[in-house]
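Quick notes on the structure that follows.
The values are calculated or read from the model by the stated rules, or taken from the named source; none is laboratory data. None of these values were measured; they are calculated from a predicted model. As a convention, Cβ positions derive from the backbone with ideal geometry for all residues, glycine included, and neighbour counts pool all protein chains shown. The protein model used for the area step is the full one, side chains on, heavy atoms only, and it has no ligands, DNA or RNA in it. Shrake-Rupley method; radii C 1.70, N 1.55, O 1.52, S 1.80 Å.
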Amino acid sequence: MIEPKKILYVDDDAGLRRLIQRALNKRGFDVDTAESADEGLECMKSKQYDLVAIDNHMPGKSGRQMLDEIVAVEGHPAVVFVTGDSDTAVAVEAIHAGATDFVVKTVGDSFFDLLDSRFRQAFARDRLEREKREAEADLREANERLEMLVREVHHRVSNSLQMVQSFVAMQANQTASEDAKDALAATQNRIKAIGKVHQNLYTRGDLTTIDLDEYLGTLVEELRQNMSETDGCVELAYTSDHVEVSPDDAVNVGVVVNELVSNAAKYAFAEAGKGRVEVALAAIDQGYSVTVSDNGAGIKEGAGPEGTGLGMRIIKAITRSLGTELERLECEQGTSHRLVVKTAA
């Protein structure tokens, strides 16, 4: 058997309270009454109600003031505000303050029928609101669990890539061939470029985008340190605008920058000669551009790639996946390459 809904009716009119209690009890409700806002609030402390109906005009604390105290409590019951004909503006204000509905007092049985109807509507509306809040809370909890899971995946991928990087370094240390050492060092740098994206993702709040300027800044700094250990003659500079991209785009751009900077440092300058490599990230209309320039000897027209050419093949494959291509810009000295990526509007 379904228990009747528990209602508290607060009104300073004793006769009306008795009539309402009798009429609503006949209509299937369990009704308590209180003659003042303070008495009503005390009743709510000792008993749980499904709905509270409040008359606005009462001596001492008004119904509007009582409403504010009720809605300040989390999980409060539905509230129906009861007013006279001249108080509709106050009733509308009460709705904005958190009341579920309002009723204008009338004379006779029609008022009891109106209360019955509005109370049942208030129960239905309150149930829907509670179900909505519960669904939103469940969704937030599910999203938090998913974020934790995705963050943990990125953490583990980052750790796995660091382990692979260590294996490659061990292999390089046991290799006598300088060409093999160079190839393994290049592989290490590519792994670092990818690993830093995953490291960035599990340490930041947003898992859907990456600050490309910050990521490239970290990557360039690591390249700078590597270059200072092997060749202190090459200076590496970096300038940037703020750009946000997807993790996939960050991985692709990072690998391209790694290849271009490494190639420039290795091939652009005469042996033991000094040089400068610049990386510039710029925000453009509906996208961004990345430029890598050096002040080295430049590339002779028609000359084939130095080394194995693997780096440029990697760059071409990545730029195709980004929906663009690598441009070689005209410059008075050295070589300058630019990558322009258009993002969705």
Seminar exercise, completed: Sorted on mean Cβ neighbours within 10 Å (highest first), peptides 102-108, 115-121, 131-137, 75-81 come out as 75-81, 115-121, 102-108, 131-137
Seminar exercise, completed: At 37 °C and 0.692 mPa s, the Stokes-Einstein diffusion coefficient in µm²/s for the stretch 23-90, with hydrodynamic radius from the Kirkwood sum on alpha carbon pairs, is 257 µm²/s
Exercise. 222 nm [θ] for the chain, helices only, -39500 (n - 2.57) per DSSP H run of 4+, per residue, to 500?
Worked result: -18500 deg cm²/dmol
Exercise. Given 10 Å bins starting at zero, what is the percent of C-alpha pairs of the chain in each, up to the one with the largest pair distance?
Worked result: 5, 19, 19, 9, 6, 9, 11, 11, 8, 3, 0
Exercise. What's the extension gain from SER46 to MET163 if we count 0.36 nm per residue and subtract their Cα-Cα distance?
Worked result: 35.9 nm
Exercise. Hey, rough spin-label estimate for ALA97 and GLU69, points 7 angstrom out along Cα→Cβ, what's it come to in nanometres?
Worked result: 1.2 nm
For this session: Springs between alpha-carbon atoms under 10 Å, Gaussian network over the chain: tell me which of GLU74, GLU141, GLU278 tops the mean-square fluctuations.
Result: GLU74
Exercise. Given R₀ = 56 Å, FRET efficiency for ARG130-LEU310 by Cβ-Cβ distance, to 0.05?
Worked result: 0.35
Seminar exercise, completed: In nm, the gap between the two label points placed 7 Å beyond Cα toward Cβ at GLU147 and GLN121 is 3.9 nm
Seminar exercise, completed: In units of 2.2 N^0.38 Å, the Cα radius of gyration of the stretch 1-122 is 0.96
Problem set entry | 27 Å Cα-Cα threshold exceeded, pairs from LYS274/LYS342; LYS181/LYS342; LYS316/LYS342; LYS26/LYS61; LYS26/LYS132 | LYS274/LYS342; LYS181/LYS342; LYS26/LYS61; LYS26/LYS132
For this session: For an R0 of 56 angstrom, estimate the FRET efficiency from the Cβ-Cβ distance between SER110 and THR209 and round to the nearest 0.05.
Result: 0.40
Exercise. Normalised by the residues of the chain, what does the relative contact order come to in percent, with Cα pairs under 8 Å and at least six apart?
Worked result: 9 percent
Exercise. What whole-number value in Å² describes the accessible area per residue of the chain for a 1.4 Å probe?
Worked result: 57 Å²
